[in-house]
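Notes follow the structure.
The values are calculated or read from the model by the stated rules, or taken from the named source; none is laboratory data. Quick caveat: nothing in here was measured; it's all calculated off a predicted structure. Neighbour counts are summed over all protein chains in view; Cβ atoms, including those assigned to glycine, are modelled from backbone coordinates with ideal geometry. Remember, those area values only see protein heavy atoms, side chains included, never the ligands or the DNA or RNA. Shrake-Rupley method; radii C 1.70, N 1.55, O 1.52, S 1.80 Å.
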Amino acid sequence: MEITHDLLTTSKKETPLQGKDTIITPAQTQRDEIMARVRDKLYGMGNTKKDFEVDKDSPVPKIRTRSGSSVTALVTGTSASSNAVSVRSQGGDKLILDEAAYFVDEHVGAFMPLLTDHGEVKLIASSTPRGKDNDYFRWCMDPTFKEFHFPSTMSPYWSKQVERDARATV
């Protein structure tokens, strides 16, 4: 869920959205949570409803700012049979994949062409690890990708109790 960090960590005088950002998640609940966080961050920066609009009538959630920037959130589904149809023909300046290790080959095949929208599309992928048999793992091993690790202890929700509970389940 911390994938929104890149979208939202700006000073109060800046807009967190610049260009067209497309977020892709495997599950609708993730998509809805991310869009709620984007909206809440915009309000928390002193913006009002006049500064941005939330497209609630579309099956694909989108937030647009007065400056023309936007964030759209799409869902692939969690199985190959979903075929990631909602992702096809979308595009943007930044493609953000949340829980990327959970996308199957058919999903990756649907959104990788979005990287050719223009020459400067930025790909950001984050995930909880899920073994070695997925594209996210291969990207992490590929030297042409930059990899950053953020341990759970960096989360503002992390505590000694959370750590004890997590260790008890391992």
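Run down the aspartates and glutamates and flag those whose C-alpha is under 14 Å from the C-alpha of residue 49, throwing out any fewer than 8 positions away in its chain.
Reachable aspartates and glutamates: 40.
With Cβ to Cβ distances under 9 Å as the rule, what net charge do the other residues near residue 66 carry (K, R +1; D, E -1)?
My count for the surroundings of residue 66 gives 0.
Over the heavy atoms of residue 52, what accessible area does a 1.4 Å probe trace out, to the nearest 10 Å²?
My reading of the accessible area for residue 52 is about 10 Å².
Need the C-alpha centroid separation for region 21-35 versus region 128-142, integer Å.
Using only Cα atoms to place each centre, the spacing works out to 20 Å.
Here is the link list: 62/122; 20/146; 56/146; 132/160. Which ones come out longer than 24 Å on Cα distance?
In this structure, 56/146; 132/160 exceed 24 Å between Cα atoms.
Relative to the Cα centre, what is the charge dipole magnitude of region 84-159, using +1 at the beta carbon of each Lys and Arg, -1 at the beta carbon of each Asp and Glu, and rounding to the nearest 20 debye?
Once rounded to the nearest 20, the dipole reads 140 debye.
Counting pairs of alpha carbon atoms under 8 Å apart in space and at least six apart in sequence, what relative contact order in percent does region 87-160 give?
It comes to 33 percent, rounded to a whole number.
How large is ³J(HN,Hα) for each residue in region 145-155, as worked out from phi by the Karplus curve 6.51 cos²θ - 1.76 cosθ + 1.60 (θ = phi - 60°), to whole Hz, x for Gly and Pro?
Whole-Hz 3J(HN,Hα) from phi for region 145-155: 9, 8, 10, 10, 10, 10, x, 3, 5, 7, 5.
I need the phi-derived Karplus couplings for region 106-118: 6.51 cos²θ - 1.76 cosθ + 1.60, θ = phi - 60°, integer Hz, Gly and Pro marked x.
After applying 6.51 cos²θ - 1.76 cosθ + 1.60, I find 5, 5, 4, x, 7, 9, 4, x, 5, 5, 9, 3, 7 Hz.
Using a 1.4 angstrom probe on the protein heavy atoms only, line up 163, 120 by accessible area, largest first.
120, 163
Suppose every Lys and Arg Cβ carries +1 and every Asp and Glu Cβ carries -1, with no other charges. What dipole size does region 30-170 come out with about its Cα centre, to the nearest 20 debye?
480 debye
Tell me, what is the percent relative contact order of region 23-162, built from C-alpha pairs under 8 Å that lie six or more residues apart?
20 percent
Just reorder 107, 149, 118 by solvent-accessible area, largest first, 1.4 Å probe, all chains present.
The most accessible residue leads, giving 149, 118, 107.
Using a 1.4 Å probe, how large is the accessible area of residue 158, given in Å² and rounded to the nearest 10?
Its heavy atoms expose roughly 80 Å² to the probe.
In the full protein assembly as shown, how much of residue 54 is accessible to a 1.4 Å probe, in Å² to the nearest 10?
60 Å²
So for 60, 71, what's the accessible-area order with a 1.4 Å probe, most first?
Highest to lowest solvent-accessible surface, that is 60, 71.
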